[in-house]
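To keep things clear, I will list the structure first and then write my remarks on it.
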Amino acid sequence: MSYVVPPAPQASVPVAGCADSFPVRRIYCVGRNYAAHAREMGSDPDREPPFFFCKPADAVVPVAANTTREVAYPPQTANYHHEVELVVAIGKGGSNIAGSEANEHVWGYAVGFDMTRRDLQFALRDKGRPWELGKAFDQSAPITPIVPASLCGHLQAGRIWLTVNGQTKQEGDLSDLIWSVPETIAHLSKYFELQPGDLIFTGTPEGVGAVIKGDLLVGGVDGLGELSIRIA
Ligand code: MN
């Protein structure tokens, strides 16, 4: 078979500590999964069921360990925000996955930034429209190499943080997630059949804010290393 236009390259993220890569199939994102961030977005942080949105697989911007990668300031926004998140890489697919078995479906973990055109997101949200223009744009998902769960274990607690130009802007702990990783996988897999290659951005702690050209963003999760980008 031949294609009538060139097929897109397979989106992928390197695996930490080796030459292999993790092929990205879909990117699912959880909205408002830390109570203090839900409040700063103007929501009630009560334990409503989690909600999800997606980014395209090729929104990933893989950033090698101990390097800084330039990410372009995106068009059509004047309020470009950082959101540092724990990212879960799915290694085994499934539907209706039980929370008690969810960790068996996790291949590894990474640190990601759910970059957001906040002005567009809020305008869409306020009109009840889909969030793609605010969330699913090109280069909206910078990410570190994926650390295999066989090396780092299944993360339930640990500091998650982000600095801009050396100043701490976001700080939280994975234990503050409203919906834990296993609970998130259980919910999401009721609606979609998860597949190997899926990534789940699990939500951001409070302290999101705008960045401008030239800013250096460094984020991290205990045990996973740091993600560093410069806005170009
Ligand atoms: Mn987010």
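The values are calculated or read from the model by the stated rules, or taken from the named source; none is laboratory data. Bear in mind that the values here come from a model prediction, so they are computed numbers and not experimental data. Methodologically, a virtual Cβ is constructed for each residue, glycine included, from the backbone with ideal geometry; neighbour enumeration extends over all protein chains shown.
Points worth noting:
- Leading residue by the ranking (farthest from Lys190 (Cα to Cα)) among those in the range 9-49 that are touching a Leu at 6+ places or on another chain (Cβ under 8 Å) and modelled with pLDDT under 95: Gly17
- The listed residue being away from the ligand (no atom under 16 Å from the Cβ) and of a type in the set (Phe, Trp, Tyr), out of Trp131, Trp107, Trp161: Trp107
- The set of residues in the range 186-209 that are more than 14 Å from the ligand (Cβ to nearest atom) and at negative phi comprises Ala186, His187, Leu188, Ser189, Lys190, Tyr191, Phe192, Glu193, Leu194, Gln195, Pro196, Asp198.
- Close contacts from the range 17-39, counting a first residue that is touching a residue at least 12 places away in the same chain (Cβ under 8 Å) and a second that is among the β-branched types (Val, Ile, Thr) and surrounded by fewer than 21 Cβ atoms within 10 Å (Cβ to Cβ), with Cβ to Cβ under 8 Å and a gap of 6+ residues or different chains, come to Phe22/Val15; Arg32/Ile178; Asn33/Ile178; Tyr34/Ile178; Ala35/Ile178; His37/Val208; Ala38/Ile178.
- Residue match in the range 195-217 (condition: without any contact (Cβ under 8 Å) to a residue 24 or more places away in the chain and over 22 Å from Ser12 (Cβ atoms)): yes
- Screening Ser140, Ser150 for residues that are among the small types (Gly, Ala, Ser) and over 18 Å from the mean Cα position of the chain (by Cα) leaves exactly one candidate, Ser150.
- Counting the residues of the range 151-179 that are under 17 Å from Ala89 (Cα atoms) and touching a Gly at 6+ places or on another chain (Cβ under 6 Å) gives 2.
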